[in-house]
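What follows draws every value from the coordinates through simple rules; no lab data is involved. These numbers were taken from a predicted model, which means no experiment stands behind them. Please note: Cβ atoms are built from the backbone with ideal geometry, for glycine as well, and neighbour counts cover all protein chains shown.
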Amino acid sequence: MISAGTSAVQLEDTIVSVASAPGRGAVALVRLSGPNAFSIAAKHLRLPPPEPRVSQLCDVFDGEQKLDQALVTLFPSPGSFTGDNTVEFSTHGGYLVPSTIVAALISSGARQATPGEFTRRAVLNGKLDILQAEAIGDLIDASSHIMQLTALRQLDGGLSRRLLSLRNDLIGLEALIAYDVDFPEEDDGPVPRSRIDQAAEGIASSLEALLSTVPAGEVIREGAIVVIVGPPNAGKSSLFNALLGRSRAIVTEMPGTTRDALEAVIDSGKWPLRLVDTAGLRETEDRIERLGMEVSERYMRSAQIVLACAEDSRSLEEIVSLVSSSSTAPILAVLTKSDLVSKRDESLLSRTVIPVSAETGTGLRELLCAIDEALDTRHGEIIPDLPILTRARHRNAISTASSELKQFTEAWREEKLPATVAAVHLRTAVYSLEELIGAVEVEDVLDRVFSSFCVGK
Amino acid sequence: MSQLPGFETEFDVVVIGAGHAGTEAAVAAARLGARVGLITSALETIGQMSCNPAIGGVAKGTVVREVDALGGIMGRATDLAMIQFRMLNRSKGPAVWSPRAQCDRGLYRRAVRSLLEQHTQLQTVQGTVARLLLTPDERRVLGVETIEGRCFGAKSVVITTGTFLRGRIHIGTETRIPGGRAGETATTHLAEQLEQAGLTVARFKTGTPPRIDGRSVDYSALEIQESEIEQFDYSWSHFWGAKRRQGSSIRHPAQMPCWITYLEAEGKKIIKDNIAKSAMYGGAISSRGPRYCPSVEDKIVKFPDAERHQIFLEPEGHDTTELYVNGLSTSLPVAVQLEILRSVRGLTNVRMNRAGYAIEYDYYPPTQLDPSLQVKVIPGLYFAGQINGTTGYEEAAGQGLVAGLNAALSIQRKQPIVLGRETSYIGVLVDDLVTRGVDEPYRLFTSRSEFRLTVRQDNALRRLGHIGIRLGIYSELEDSAIKARLEHEDAALRLAETSSIRPDQAAQILSGAGSAPLSHAVRIVEVARRQEIALDGLLRAVGLGADLDSEALVTVDLEIKYAGYFERERAQAERMRRMGDFSLDPDLEYGDMRSLSLEARQKLSNLKPHSLAQASRIPGVSPSDLQNLVIEIERRRRLAVTH
């Protein structure tokens, strides 16, 4: 905590970077921030600089050479994102223009920002706490509506407030233990054991509630893995494509972990989904067995939902039973090519099936709803006011707190240790929450948090 | 410098007031070789216990042992005057044992006076200090002048005037008497001068209960509480001569019991009916009193549902039958006090010797002091005790010790002693005072300390002895006594770790405690880790450790049993020490540190903390403020290097 690391003490520099994504685009944003931001910017503007917080169209020069016409806004300290004087140039897009402007500003004394440095300054200038800074990273990386909401909530300080209140509850519990020692001869006698039990239980269940959001948080960050399995020609690829086509936004489409599967993230319903199409699996003689083997190895273990597909009820039964032997994930039985299925066929099935037609699009909505429901059942509904833990750092700190509290409760209930000795566990729990908020061993936390940011944020 | 005429004596350190703070300050300074003048209004009341006749209690008992470890007199005087002893919290494990002793008031006073007189460097003076003699710029003390016109030179002055600065006694709403203690006059001149010097002053109140004639008490109606004296001495000074080791404790006076009775419905009604006549509830006093030492009026108003309130009748000493009515602190009119007393079982025909009263007095918010207890704006002037807004004899003694040591060290141009929070309750006390200030009379609790497992009553010598040795405050005899005690601890640990115990040797102890028998011989330390098994019994069972101090064995036993937990606290202490090593320049300008919250900037500017650790404890300075402060300082430091 004492040794301010090298990265943290370069606040005297004025830093610059392209803040928008690189590539072709109509506009790009160049952000310049630091004590000399205004004077450095002024060297490249012919007009007197604009009023603070008013955007003005300006020509940007490098010496005699005009670089661009840009919309320039000045944010005086502390009313800026970083808390330092900041100038933002909305330039024309593309690779060249913003880069030449950055180069010009660097030649006038600015320094290229390192990854995450703008956000880091915002934290160091007291504009954000660490959890909020993480939320900014999440917001930028958000690939789904729900991740965006979760990050916004965290940016608003929801998680910080929650943790602070739990920390105060723990300190309160410790105070009850101390009271017993401090006032041994009072009229009221000792604090009733039940009061301490209740306080400990209350905190324990709050910590548990937070921890129980970890799987949901993981799904929110990573997307729920939804694996489509079925015999060849069962219409898996058609279903995959139909689901992609239906979704509001295709965020990424990337090759799967092996060449044998396709993976795509879709944000169609409530939860972001990582749809995995095993359509490319090699088909052997003994193909069903082969399928079961490959898919279980690769995806079944991590699957959150399995979509078992088949064209008719007999093979659907077969595939469902095969899948249930190798995965604990909920299985949704999907009758593809529903337009071809007869009513009689449907009634033969022993479980609820979702008839879908990739061709006409019927049943896709129902399927997505069924997926959301299955995820709700698995991870719990997303409650608007309950913060969700989206990072391993959060999970580690809170499970430490939770396990320390458990050790306290155990020692306390069974009177294994004097209460004041057991209370050391409570203190450790407090420290671990404080560390999460940013109070302890700060430099350590900063480095961990900021190493995951990219330039310009 | 001293052009002022007629210093009767040139002292190094003058201590004003000879209560629990003043006497410790005087002794501490004398131990450091200073010539000390201890000035008090009445030599007969040196070491007077103004309120209850008890020394020690939770956290306080530990302070007594800390004061003793650093050469103070409170523990020694208590050992000589102890007429009832209890170890509070005995059922909650030795880590929180809290010794408390009832004392014979007269014996205590006389013990204190004679202990003072053992220091040839120390002169007691009867007189009331009228004013401090300061340099013309009022930024340095030169000495003091008494109302009798006696002038004494001093390089440092310690003020420990308790409740005497503009003290005012209240009994009911009608009776107001200026006074520092019942029957003794208050001091106003000095108060005026301090205020003129620019010190902020505030008022607190406290109270004391009536005292009764023991011959008028029906003891048959009371519960008796006997002394549980075993071999307890507060002071380690008796360790020498090997008396303790052979089991012969210092001879305490004969023990006397306390008596327990209750304030019940009838008494509660009397108080309720007369509440408007109370000085505290009738509007005569508006200043704050301690919540945790409430008047009986407070108890009735704030806890109307409590069925009854406990009252302890505590003996005042062997030379009198007078009893102190603990639990009945009040400022009601005398007639009502008597009525209440007579409603109490066992006191139907009681005679009241002295009435209870409330007292209002000046204190100086202690954030005006630096961590050596020196007044920031007047170097050489130190405050200790109730003048800093504390309550309690032990709290006063701890501060007196620190102020006395520092008053003498500053003359020798040596670094002041600042005890860390992790070293002692005294460290917690002083740090809380100068960092957080007080909003009610300050009393120590274990909950104020982050280190209540490692800072215990049994290990004060281990924690502080090395400091005393470094300061050179011990006599040769004391020096070797301290070393001997610590060697006993080392030896006990060595025995536990290296000797083993056979199943047959341990059988009786283990079965007696309901603990599982051993299957084969193991090292003693393994068995001592069990909660229910004490180390000394194990050692005795194998015929070892008979020559070791029993208290040293308790210390080692705790260290074995709770090693993992103690380790956690010590790791935290280490972290705090590192923060303490990050010192902050008192001239640091916080006003323009934009990254800090406005509140933090104001608080830091006002208090000028001396280290990051201290800054971290200022209310209103958040963890992120602290983090930004480190960066700001590091940035400035680097700038200074490059420019």
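Sorting B:278, A:324, B:611 by the number of Cβ atoms found within 10 Å of their own Cβ, with the fewest placed first, yields A:324, B:611, B:278.
Spin-label model, residue A:381 to residue B:617: label points 7 Å out along the Cα-to-beta-carbon direction sit 4.9 nm apart.
So, R0 is 25 Å and r is the distance between the beta-carbons of residue B:415 and residue B:469; what FRET efficiency does that work out to, to 0.05? Calculated value: 0.95. Rg and Dmax, both from the Cα atoms of chain B and both in Å, are 26.0, 84. If R0 equals 41 Å, the separation of the Cβ atoms of residue B:201 and residue A:208 corresponds to a calculated FRET efficiency of about 0.20. The Cα center of the stretch B:484-533 and the Cα center of the stretch B:40-90 differ in position by 35 Å. Overall shape of the stretch A:114-201 was characterised from the C-alpha gyration tensor. The equivalent ellipsoid obtained from it has semi-axes of 42, 16, 7 Å, in decreasing order.
Translational diffusion coefficient of the stretch B:485-566 at 37 °C, 0.692 mPa s, Stokes-Einstein with Kirkwood Rh over Cα pairs, in µm²/s as a whole number.
On the way: Rh = 12.5 Å.
For these conditions, the coefficient is 262 µm²/s.
Scattering from the stretch A:108-156 was approximated by placing one identical point on each alpha carbon and applying the Debye formula without solvent; log10 I(q)/I(0) at 0.28 1/Å stands at -0.98. Note on residue B:268: lysines with a C-alpha under 17 Å away, same-chain residues under 8 apart excluded, are B:277, B:299, B:302. Note on the protein assembly as shown: dipole from Cβ charges, positive end direction compared against B:352, B:430, B:488; the farthest Cα belongs to B:352.
Compute the FRET efficiency between residue B:226 and residue B:497 as 1/(1 + (r/R0)^6), taking r as their Cβ-Cβ distance and R0 = 45 Å, and round to the nearest 0.05.
Details: r = 39 Å, r/R0 = 0.87.
FRET efficiency, residue B:226 to residue B:497: 0.70.
Placing unit charges on the Cβ atoms only, positive for Lys and Arg and negative for Asp and Glu, gives the protein assembly as shown a dipole magnitude near 1600 debye about its Cα centre.
Site pair residue A:301 and residue B:276 shows an inter-label distance of 8.2 nm when each label is modelled 7 Å from Cα along Cα→Cβ. Considering the protein assembly as shown at the alpha-carbon level, its Rg and Dmax are found to be 37.5, 123 Å. Ranked from largest, the principal axis spans of the Cα set of the stretch B:582-642 equal 35, 20, 18 Å.
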